[in-house]
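*Asks:* Structure in structure tokens, see below.
The values are calculated or read from the model by the stated rules, or taken from the named source; none is laboratory data. Keep in mind the model is a prediction, meaning the values are calculated, not measured. Here the Cβ positions follow ideal geometry from the backbone for every residue, glycine too, while neighbour counts run over all protein chains shown. Protein only, heavy atoms only, side chains kept; ligands, DNA and RNA dropped before computing areas. Shrake-Rupley method; radii C 1.70, N 1.55, O 1.52, S 1.80 Å.
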Amino acid sequence: MKITVIVYFLILSISLSINHLHAQQAEKSTVSGYVKDSKNGEKLIGVNVYIKGTTIGTTTNEYGFYSLTLAKGKYELIASYIGYLSVNKELDLSTNTKIDFEIAEQDIQLQEVVVKAEAEDQNVKNIEMSTNKLDIKAIQKIPAFLGEVDVIRSIQLLPGVATVGEGATGFNVRGGAIDQNLVLLDEAPVYNSAHLFGFFSVFNPDAVKDVKLIKGGIPAQYGGRLSSLLDVRMKEGNSKRFAIQGGIGAIFSRVAIEAPIIKDKASFIIAARRSYIDVLAKPFLSGDFKNAQFYFYDLTAKVNYTINPKNTVFISGYFGRDVFGSGFKFNWGNATSTIRWNHLFSDRLFMNLTAFYSNYDYLLGFGGTTANDATSSQFDWTSNIINYSVKPDFTYFLNAKNTIKFGAQSIYYDFRPGKAIITSGNNRSDISLPPKYSLETGFYIDNEQKIGDKLTIQYGMRYSIFNYLGKGEAYEFSQELPNVRRSVTNTTTYGSFESIKQYGNFEPRFSMNLELNATTSLKASYNRMAQYIHLVSNTAASTPLDVWTPSTNNIKPQLADQFALGLFKNFKDNTFETSVEIYYKDLQNQLDFIDNSDLLLNRYLEGDLLQGIGRAYGAEFYVKKNKGKLTGFVSYTLSRTERQVSGLNNNDWFPNRFDRPHNLNMSVSYEFNDYWSASANFVLQSGTPVTFPTSRVQVQDYTIPYNIEATRNNFRVPTYHRLDFAVTKINKKKRPNQRWESNWVFSIYNAYNRRNPFTIYFRRNQTEPLNTEAVRLAIIGSIVPAVSYNFKF
């Protein structure tokens, strides 16, 4: 009832504001348009467009569009963006006016561009907090594993972001599991963001334009995950001229081609990568490994067409796969496709309509059959999660002080947890699991409002509905003691699209920015998030074989309430950006498992699942240097993430597997001159929790470790620390009209040869079988040098 009243007053206040403000529009007009890169025609996200000498301004949206409603008169309009030269345009606003900007990078001198010394202080002035934005140029400066630029490994250096270990898939944000991150590629979800078991991400850097990570204060237009949003936007393709870029590295090569189809109206980009470890190793393999397969590849493509000033269409897609095998088959991959339509109903009402398809699948197989061989055997297992979605989003630029966003989204899920066939001679056994279906729908409204010159607030509400649907069977389980497998007591059969279980949740959102002075602001945020799909995994790190499952009559949706407070301060004309944020996150219905649970191809999996509560809290410190020869950032996170589940750890709180109380990251880059630069990373993190035996049982000549106290995550692996270096040799243009540019990157990963433990396990001593020894498992246990060559034309 209380939430309903809140929603009523929220909608009523927005409606009254709109009616009141509409009455004031008679003496006002709107200036709107797009901001693009002058070199390639790419629309730029987050450009600051403002009136000189005032605090009136706005920023471009995800499609480079801006709109400002002002009193009629003469103004000087400025477009300003980090790394670009600012542009001034005179504006005589007597009627609605369209003004587009094309701005140039700072190293490109254009006569019509006026350079301004305006401070780049958006981190202080905008409403966003708990947000990190990395453009691809910043990511390219960070030393990378085997010299290959990588999106996911770059964001793991940011405050509040961690991973369970080297080479682990995904990332953890503010105490959340990896399935609690919504990873979007051009608005389509990516369910496994890793190649090569976590060493590389699926995002080709040559096709990426913008990367934004939101850890808190998540706007109402996003839902479905508890912890974070990673929004990766692809390039649109060069609309000015034909261009090629790529690279040749130690483990894979890549190439991207982009060009106009119709100059300044339509363009495309195609980017591809393929690893070649298998090709290089093939001459040295023999015996059982002669036909071994171990490689990955991906293809990214996008085309856009500006039909007219009011309509633009985008079509983009991704297809990637990892393939491994030597006497067995193992491969997995993502496929996504997105169609988007941008439409301007007026100078102030912008719409983006998105439809996407996403499919993550894997295959595991052993053995093989031979004709007329009664002794041959084979096992094949495939699994998928498929999504179809439609999402209309509207932005109404009411005036210079109010920007209203509203919209909806519907996602249809098709879960196929396992099609598994066992063949032995002429006998064939089908142990497949039935598919599951669900429909998730959300509606939202949100307003960003400026109150005076110092205070900005953003308030909104999202309501989500989740339906677990037939065709299929739903099980009811007995109520056993906690941490004991439950047995099935009843089975009900449902027809196609028949509702088995429905959930609904209100998800309020609020953010605030109070400017204390020109270089300092205080920010606060609150958001409630609901998550209806779950990743089922009880391993130390997620694997490609983990299975997604919907909320059911037995699995409740996960919920999270997060509060955050931050102080943001810039120094020395914004040369230094600093921030301190504290947060607290309360989590409900967190998924866990009974001891000795059976998760794979288990028809009655829900009987092995437990749900409990969680909490995560901490402080994040961030210092970034933007200007000068030496640039970079230092981040430190002090945090805890714990959970409590009835029947586990004696019903006490215990640390999550990804709990790292201390997390220090440093990334710096130094430009010696126009030809040489160097960069370095340093990482220092607390070890992750593990469950170790506290006793042992001896049976004849065998020693069996045993946890007599029944505790979870009762020890930690040793501290993780690593130093990386990279040196870049830049081949500058020799002539003004020369288009070929290139550089060499020489890198050293794990420079001082640290054997960081991924985990520790126990085994019998080979010479003294009655003794048990601990073994440190290191994924990267040596220095890893690499050379890569990058080019663009």
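*Asks:* Scan region 282-298 and tell me whether some residue there is open to solvent by less than 50 Å² (accessible area, probe 1.4 Å) and in contact (Cβ under 8 Å) with a residue 60 or more places away in the chain.
*Replies:* Scanning region 282-298, I find at least one residue that is open to solvent by less than 50 Å² (accessible area, probe 1.4 Å) and in contact (Cβ under 8 Å) with a residue 60 or more places away in the chain, so the answer is yes.
Here is a yes/no grid of residues against (1) open to solvent by 50 Å² or more (accessible area, probe 1.4 Å); (2) in contact with a Pro (Cβ under 9 Å, 6 or more places away or on another chain):
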| site | (1), (2) |
| --- | --- |
| 403 | no, no |
| 423 | no, no |
| 457 | no, no |
| 467 | no, no |
| 472 | no, yes |
| 481 | yes, no |
| 487 | yes, no |
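*Asks:* Hey, does region 644-656 have a residue that's within 30 Å of residue 749 (Cα to Cα), open to solvent by 50 Å² or more (accessible area, probe 1.4 Å) and out of contact with any strand residue (DSSP E or B) (no Cβ under 6 Å at 6 or more places or on another chain)?
*Replies:* No, that holds for no residue.
*Asks:* Answer yes or no as to whether residue 447 is assigned to a strand (DSSP E or B), under 26 Å from residue 600 (Cα atoms) and among the polar types (S, T, N, Q). Don't jump to the end; show me each part of the working.
*Replies:* Working: assigned to a strand (DSSP E or B): yes; under 26 Å from residue 600 (Cα atoms): no; among the polar types (S, T, N, Q): yes.
No.
*Asks:* OK, next. What pairs come up if the first residue lies in region 150-167 and is assigned to a loop (DSSP other than H, G, I, E, B), the second is of a type in the set (Phe, Trp, Tyr) and open to solvent by less than 10 Å² (accessible area, probe 1.4 Å), and their beta carbons are under 7 Å apart, counting only those six or more places apart or on different chains?
*Replies:* 150/200; 156/171; 163/171
*Asks:* Now, a different point. Can you name every residue in region 686-723 that is within 32 Å of the chain's Cα centre (by Cα) and at positive phi?
*Replies:* 713
*Asks:* Being farther than 30 Å from residue 95 by Cα, open to solvent by 30 Å² or more (accessible area, probe 1.4 Å) and in contact with a strand residue (DSSP E or B) (Cβ under 7 Å, 6 or more places away or on another chain), is that true of even one residue in region 333-340?
*Replies:* yes
*Asks:* Please go through region 614-669 and pick out each residue that is in a strand (DSSP E or B) and of a type in the set (A, V, I, L, M, F, W, C).
*Replies:* Here is the first cut: in region 614-669, the residues in a strand (DSSP E or B) are 614-625, 630-644, 654-655, 662-669.
Selection gives 616, 619, 621, 623, 630, 633, 634, 638, 654, 664, 666, 668.
*Asks:* Would you check if there is a residue in region 172-179 being at negative phi and assigned to a loop (DSSP other than H, G, I, E, B)? If you could, list the steps in order and put the result at the bottom.
*Replies:* The initial filter retains those residues of region 172-179 that are at negative phi, namely 172-173, 176-179.
Imposing the further condition that a residue be assigned to a loop (DSSP other than H, G, I, E, B) reduces the set to 176-177.
Yes, some residue in region 172-179 is at negative phi and assigned to a loop (DSSP other than H, G, I, E, B).
*Asks:* Name the residues in region 401-436 that are among the hydroxyl-bearing types (Ser, Thr, Tyr) and either under 30 Å from residue 51 (Cβ atoms) or outside any strand (DSSP E or B) (or both), would you? First the steps, then the outcome.
*Replies:* Quick first cut of region 401-436, residues among the hydroxyl-bearing types (Ser, Thr, Tyr) only: 403, 410, 412-413, 423-424, 429, 432.
Of everything in region 401-436, those that are among the hydroxyl-bearing types (Ser, Thr, Tyr) and either under 30 Å from residue 51 (Cβ atoms) or outside any strand (DSSP E or B) (or both) turn out to be 403, 432.
*Asks:* Now for a different question. In region 137-147, how many are buried (at least 24 other Cβ atoms within 10 Å of the Cβ) and modelled with pLDDT of 85 or more?
*Replies:* 1
*Asks:* Strands (runs of 3 or more DSSP E) wholly in region 192-272 with at least 3 residues that are under 15 Å from residue 303 (Cβ atoms), in contact with a Phe, Trp or Tyr (Cβ under 9 Å, 6 or more places away or on another chain) and outside the structural domain of residue 101 (by TED's automatic domain parsing) - which ones?
*Replies:* On the way: elements: 208-214, 228-234, 243-248, 252-262.
Of the strands (runs of 3 or more DSSP E) lying wholly inside region 192-272, those with at least 3 residues that are under 15 Å from residue 303 (Cβ atoms), in contact with a Phe, Trp or Tyr (Cβ under 9 Å, 6 or more places away or on another chain) and outside the structural domain of residue 101 (by TED's automatic domain parsing) span 252-262.
*Asks:* Here's a follow-up. Condition first: open to solvent by less than 50 Å² (accessible area, probe 1.4 Å) and within 15 Å of residue 560 (Cβ to Cβ). Now tell me which residues in region 589-627 satisfy that.
*Replies:* 589, 590, 591, 612, 614, 616, 618
*Asks:* Return yes or no: is residue 388 open to solvent by 50 Å² or more (accessible area, probe 1.4 Å), assigned by TED's automatic domain parsing to the domain that holds residue 529 and closer than 28 Å to residue 185 by Cβ?
*Replies:* Working: open to solvent by 50 Å² or more (accessible area, probe 1.4 Å): yes; assigned by TED's automatic domain parsing to the domain that holds residue 529: yes; closer than 28 Å to residue 185 by Cβ: yes.
So residue 388 fits the description; yes.
*Asks:* Among the residues of region 300-311, are any in contact with a helix residue (DSSP H, G or I) (Cβ under 6 Å, 6 or more places away or on another chain) and touching a residue at least 40 places away in the same chain (Cβ under 8 Å)?
*Replies:* Initially, region 300-311 is screened for residues in contact with a helix residue (DSSP H, G or I) (Cβ under 6 Å, 6 or more places away or on another chain), giving 300.
Within this subset, residues satisfying the condition of being touching a residue at least 40 places away in the same chain (Cβ under 8 Å) are 300.
There is at least one residue in region 300-311 that is in contact with a helix residue (DSSP H, G or I) (Cβ under 6 Å, 6 or more places away or on another chain) and touching a residue at least 40 places away in the same chain (Cβ under 8 Å).
*Asks:* Scanning for something open to solvent by 30 Å² or more (accessible area, probe 1.4 Å), assigned to a strand (DSSP E or B) and in contact with a Lys or Arg (Cβ under 9 Å, 6 or more places away or on another chain), does region 308-319 turn up at least one residue?
*Replies:* Residues of region 308-319 open to solvent by 30 Å² or more (accessible area, probe 1.4 Å): 308-310, 313, 315, 319.
So of that shortlist, the ones also assigned to a strand (DSSP E or B) come out as 308, 313, 315, 319.
The next check asks that each one be in contact with a Lys or Arg (Cβ under 9 Å, 6 or more places away or on another chain); those that pass are 313, 315.
Within region 308-319, one or more residues are open to solvent by 30 Å² or more (accessible area, probe 1.4 Å), assigned to a strand (DSSP E or B) and in contact with a Lys or Arg (Cβ under 9 Å, 6 or more places away or on another chain).
*Asks:* How many residues does region 667-724 hold that are open to solvent by less than 60 Å² (accessible area, probe 1.4 Å), basic (Lys, Arg) and more than 19 Å from residue 145 (Cβ to Cβ)?
*Replies:* 1
*Asks:* Follow-up question, since we're still on this one. Determine, yes or no, whether residue 665 is assigned by TED's automatic domain parsing to the domain that holds residue 251, in contact (Cβ under 8 Å) with a residue 60 or more places away in the chain and under 22 Å from residue 635 (Cα atoms). Spell out how you get there, then give the answer.
*Replies:* Working: assigned by TED's automatic domain parsing to the domain that holds residue 251: yes; in contact (Cβ under 8 Å) with a residue 60 or more places away in the chain: yes; under 22 Å from residue 635 (Cα atoms): yes.
Yes: the conditions hold for residue 665.
*Asks:* Give me the strands (runs of 3 or more DSSP E) completely within region 52-109, filtered to those with at least 3 residues that are within 26 Å of residue 455 (Cα to Cα) and either of a type in the set (A, V, I, L, M, F, W, C) or at pLDDT 90 or above (or both), ordered by residue number.
*Replies:* Numbers: elements: 57-59, 65-71, 73-80, 87-93, 101-103.
Result: 65-71, 73-80.
*Asks:* A follow-up question, please. Search region 521-552 for residues being part of a loop (DSSP other than H, G, I, E, B) and at pLDDT 95 or above, and hand back the single one that is surrounded by the most Cβ atoms within 10 Å (Cβ to Cβ). Explain how you work it out, then say what you get.
*Replies:* Initial filter on region 521-552 (part of a loop (DSSP other than H, G, I, E, B)): 532, 537-546, 551-552.
Next cut, at pLDDT 95 or above only: 532, 551-552.
Values: 532: 25, 551: 23, 552: 18.
Ranking the candidates gives 532 first.
*Asks:* How many residues does region 730-759 hold that are modelled with pLDDT of 80 or more, over 29 Å from the mean Cα position of the chain (by Cα) and open to solvent by less than 70 Å² (accessible area, probe 1.4 Å)?
*Replies:* 4
*Asks:* Hey, does region 451-467 have a residue that's farther than 30 Å from residue 392 by Cβ and assigned to a strand (DSSP E or B)? Write out each step before concluding.
*Replies:* Step one: of region 451-467, the residues farther than 30 Å from residue 392 by Cβ are 452-455.
Keeping just the survivors that are assigned to a strand (DSSP E or B) gives 455.
So far as region 451-467 goes, yes, one or more of its residues are farther than 30 Å from residue 392 by Cβ and assigned to a strand (DSSP E or B).
*Asks:* Given the criteria surrounded by 19 or more Cβ atoms within 10 Å (Cβ to Cβ), free of Cβ contacts under 8 Å to residues at least 60 places away in the same chain and among the β-branched types (Val, Ile, Thr), does residue 60 qualify?
*Replies:* Yes.
*Asks:* Next up: Exactly one of (1) open to solvent by 10 Å² or more (accessible area, probe 1.4 Å); (2) of a type outside the set (Lys, Arg); (3) assigned to a strand (DSSP E or B) is unmet by residue 507. Its number?
*Replies:* Every listed condition holds for residue 507 apart from (1).
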